[in-house]
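First comes the structure, then the notes that go with it.
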Amino acid sequence: MKHQPIRGRGAADNPKHRFTDEKLEYDPDEKTGRLERPKTKILTDHTKEIISTNQSPDIPFEVSLNPYRGCEHGCAYCYARPSHEFLGMSAGLDFESKIVAKYNAPELLREKLSGESWKPKPIVMSGVTDPYQPLEKELRITRGCVEVLAESLHPLVIITKNYGVTRDIDLLKKLAEVNAVRVVLSITSLDRDLIGSLEPRTSRPEKRLQAVEELTRAGIPVHANIAPLIPGLTDDEIVPIMEAAKNAGASSVSYTILRLPYSVKDIFLKWLDDHQPNRKQKVVNKVKSLKDGQLNRSEFGKRFHGEGAYGEQIRQLFSIHKKRLGLEGDRKPLNTSAFRRPSTAQLRLF
């Protein structure tokens, strides 16, 4: 049975993942076709290592920090969904309702940065989760990590869709004073209704733009990222988003084409069936035109921006308006020379 969408969730069910042979079969006598709305469950990650190393040549950072695994934002298209499959869970509802929290992340980060072998380089928060997802307001794990980074004046790049990042302006200002921070606000669309179903638990577009304003006013550099750009659905918003970001104070802008790796493809196509059925075929056709007839390309250098005539059209449009709006920005490297090793944690007496 095809299940109906669940309010406040991007996925409608838990699809089978690539690491199991188990298959869910739903009761054919089920009348509503709607799964019970799952409550968010917090699990604990007892990790001993908090820094992840990137070896992909088309990703512009070496190291990242993920305070959580899974993301309550529930974006239907999220490329990070398959990461939950490594935990034996689904990329569907599990990814957005079973969040693994790394409570000891600040302590592990302090230990890492205080070690003599650590060489400062920009740490990205985060690669496969949003550090300011709703749970962060209560758990404050990201806040704890930013406190360590601010104390040590360590360079930091934050990527988020949530207004909650403004809570930490007091800490980010300290890093901005030594050119050691950049905040990337991802803006997918300016359509509140679309965002309400596509990215159900993110901040609405006007709140993200408000975050750009408040961060900029505090002297914190903000980069706007149109991510993902969804062909056939949001590609007509490229220029309006760029203009809105500029008016809010962003200094630079970029875009990333929709990616649909592994089970994300089926989750997103199901979302189109549920919320944009009249535009589904247009979206599919346009995505394929950018990816050599496929819905996803995983090759380095080809997965982010698309190819072909349509891909070139997007590049030219983006380039023209980026220059017109003065959104090329000063993307000089973040400062590593101000780094000072943080104090080590006090020994606890038992």
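Observations
- 20 °C / 1.002 mPa s Stokes-Einstein diffusion coefficient of the stretch 230-284, Kirkwood radius on C-alpha pairs, µm²/s: 166 µm²/s
- In this rough spin-label picture, where each label sits 7 Å from Cα along the Cβ direction, the residue 42-residue 191 distance is 3.5 nm.
- The packing ranking, built from the mean of other Cβ atoms within 10 Å per residue, places the peptides 118-125, 180-187, 47-54 in the order 180-187, 118-125, 47-54, highest first.
- For the chain, cysteines whose Cβ has no other cysteine Cβ within reach (under 4.7 Å): 71, 145
- Peptides 268-276, 197-205 ranked from most to least packed by the mean count of surrounding Cβ atoms within 10 Å: 197-205, 268-276.
- Structural descriptor for the chain: relative contact order 19 percent, calculated from alpha carbon pairs under 8 angstrom and at least 6 residues apart.
- In summary, the lysines within cross-link reach of residue 323, defined as a Cα separation below 25 angstrom excluding same-chain residues under 8 places away, comprise 161, 246, 302, 332.
- Net charge of Cβ neighbours under 12 Å - reference residue 48; Lys, Arg +1; Asp, Glu -1: -2
- Applying 1/(1 + (r/R0)^6) with r as the Cβ-Cβ distance of residue 52 and residue 173 and R0 = 35 angstrom yields a FRET efficiency of 0.85.
- Extended-chain gain in nm, criterion 0.36 nm per residue less alpha-carbon gap, residue 324 and residue 278: 13.1 nm
- MRE, 222 nm, helices only [DSSP H, n ≥ 4, -39500 (n - 2.57), over the chain, to nearest 500]: -9500 deg cm²/dmol
- Positive contributions from Lys and Arg (+1) and negative ones from Asp and Glu (-1), summed over other residues with Cβ under 12 Å from the Cβ of residue 326, come out at +1.
- GNM top mover of 134, 155, 333 - the chain, alpha-carbon springs below 10 Å: 333
- Mean Cβ count within 10 Å, highest first, over the residues of peptides 209-215, 319-325, 260-266: 209-215, 260-266, 319-325
Laboratory data are not the source of any read-out in this text; all were calculated from the coordinates shown. Computed from a predicted model, the values in this text were never measured in an experiment. Here the Cβ is made from the backbone with ideal geometry for all residues, glycine too, and neighbour counts use every protein chain on show.
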